[in-house]
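Just below is one structure, and these are the notes that go with it.
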Amino acid sequence: MAPFFLTLFLITLLFPSPTLSQQLSTSYYQHTCPKFSDIMEQTTTNKQINSPTTAAATLRLFFHDCFVEGCDASVLISSTHFSKAERDADINLSLPGDGFDVVIRAKTALELSCPGIVSCSDILAVATRNLVTMMGGPYYDVKLGRRDGLISLASRVGRLLPTPTMSVTETINLFKSRGFSVQEMVALTGAHTIGFSHCKEFSSDIYNYSTNMQSDPSYNPRFAAGLRNACNDYHKNPTLSVFNDVMSPNKFDNMYFQNLPKGLGILKSDRLLVSDPRTRPFAQLYARDQNAFFKAFTAAMEKLSLYGIKTGRSGQIRRRCDEFN
């Protein structure tokens, strides 16, 4: 019986019940922090204008936060001498600083306007939505009222986040363990329409791929040659990176999906979407119909934003986003 109750407990923590979801509302701060939306809009707009990589950085940060402990801002916590936090797990070391910075800026402004009211997890969720919309992506509702998590451990990250080297089956199973279908997985992967990947993440696909081939044959040959040229010094400069969508890197659209059958996907996990029969129909649909992609992405993001949420005593409103109270 013990394992059964343990499973029930974990499911309760990670998958929000209707009661938990109903505690959240898009107008949650209407009376307690009436300037919330204005402050968030101003902060995200100014940050994106000054640092154009902010949208992609924040979207990735949000995903990495939600998929581990749930959408509870646990990824924002800084490590201490006694505890290594999520953000210092190997897979999170490449998270761009602009994502963290926009949350810190918004939190600082909100604490001046309505101290102790707005959670860091709500800030991250709304910042992500605002920035996606700024880049030309769809607007979607974000329910508010999350509390910030009380746990942030690098050791708990493990293989809870997808990697470029995962097989389609591994990625499907990972998303399934979080309650997401194959279609939702493909839609969320469409977030790669903005942002970039570091050369070290795909170097094995463009250099000495096999004894007979220099690069993975699923690449367009000219594209692979261009990647080799762009990443030539990645050993000396590990921060070298290329845009995930080389055609419209600064616009949230469906060009990412249009690129895949042409061999223009940067990561192996991207290119596999059009070769596996389980994912190909959705990748093809989103390539030819941007509205279908936006509709699916909106639904998947609304669902993701409620994953593993904390309310009441299961969380707190942090005074600072990078440390527990």
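All of the numbers you see were taken from the coordinates with simple rules; none came from a lab. This structure is a prediction, so every number in the text was calculated from the model and none was measured. Positions of Cβ are backbone-derived with ideal geometry, glycine not excepted, and every protein chain shown enters the neighbour counts.
Of all complete DSSP H helices in the chain, those with a Cα span along the helix axis of 15 Å or greater and a mean Kyte-Doolittle hydropathy of 0.0 or more are 2-14, 54-69, 97-113, 120-134, 290-304.
Each Cα pair under 8 Å and six or more residues apart adds its separation to the average, and for the range 22-147 the resulting relative contact order is 38 percent. Taking a label point 7 Å from the Cα of residue 250 along the Cα→Cβ vector, which residues of the range 180-210 have an amide N closer than 16 Å to it? Only 194-196 fall inside the zone, counting backbone N under 16 Å. Placing unit charges on each Cβ (+1 for Lys and Arg, -1 for Asp and Glu) gives the range 172-325 a dipole about its Cα centre, and among 240, 283, 230 the Cα reaching farthest toward its positive end belongs to 283.
If r is the Cβ-Cβ distance from residue 27 to residue 311 and R0 is 25 Å, what FRET efficiency results, to the nearest 0.05? Working from the Cβ atoms, E equals 0.95. Answer with a single label: of (i) 78, 48, 37; (ii) 52, 44, 37; (iii) 62, 54, 45, which was calculated as Cα extents along the principal axes in Å from the structure in view? Identified label for the calculated read-out: (iii). Quick check on the range 62-163: take the gyration tensor over C-alpha atoms, sort the square-rooted eigenvalues as a ≥ b ≥ c, and tell me if it's rounded (a/c under 1.5), prolate or oblate. Since a/c reaches 1.5 but b/c is at least a/b, the shape of the range 62-163 is classed as oblate. List residues of the range 88-132, by number, whose backbone nitrogen lies under 16 Å from a label position 7 Å along Cα→C-beta of residue 38. Backbone N within reach: 109-115.
Amide H contacts of residue 196 (H built 1.01 Å from N, in plane; Pro and chain starts excluded): 244 sit under 5 Å, all sequence-distant by 5 or more or on other chains. Say R0 is 22 Å: what FRET efficiency, to the nearest 0.05, do residue 82 and residue 160 get from their beta-carbon distance? Result of the calculation: an efficiency of 0.45.
What shape does the range 184-325 have by the C-alpha gyration tensor, where a ≥ b ≥ c are the square roots of the eigenvalues, rounded means a/c under 1.5, and otherwise prolate means a/b greater than b/c and oblate the rest? Don't jump to the answer; show the numbers that get you there.
Values: a/c = 2.45, a/b = 1.44, b/c = 1.71.
Oblate, since a/c reaches 1.5 and b/c is not below a/b.
Counting only the backbone N, which residues of the range 169-193 are under 17 Å from the spot 7 Å out from the Cα of residue 230 toward its beta-carbon? From the range 169-193, the list is 191-193. Assuming charge only on the beta carbon of Lys and Arg (+1) and of Asp and Glu (-1), the dipole of the range 178-323 about its Cα centre is about 380 debye to the nearest 20.
Assign unit charges at the C-beta atoms only (+1 for Lys and Arg, -1 for Asp and Glu), then state the dipole size of the range 137-187 relative to its Cα centre in Debye, rounded to the nearest 20. Please list the in-between numbers first.
Working: 7 positive and 4 negative charges, 43 e Å.
Using Cβ point charges on Lys, Arg, Asp and Glu, the range 137-187 gives about 200 debye.
Across the options 171, 186, 158, the greatest Cα extent toward the positive end of the charge dipole of the range 147-207 (unit charges at beta carbon of Lys, Arg, Asp, Glu) belongs to 158. Overall shape: oblate for the range 196-267, with the ratio a/c of the largest to smallest alpha carbon gyration tensor axis at 1.5 or above and b/c at least equal to a/b.
Given Cβ point charges of +1 (Lys, Arg) and -1 (Asp, Glu) and nothing else, what value in debye, to the nearest 20, does the dipole of the range 48-177 about its Cα centre take? Present the calculation step by step, with values, prior to reporting the outcome.
On the way: 12 positive and 13 negative charges, 30 e Å.
Here the size comes out at about 140 debye.
The packing ranking, built from the mean of other Cβ atoms within 10 Å per residue, places the peptides 49-58, 273-282 in the order 49-58, 273-282, highest first.
Taking Lys and Arg as +1 and Asp and Glu as -1, the other residues whose beta-carbon sits under 14 Å from that of residue 116 total +2.
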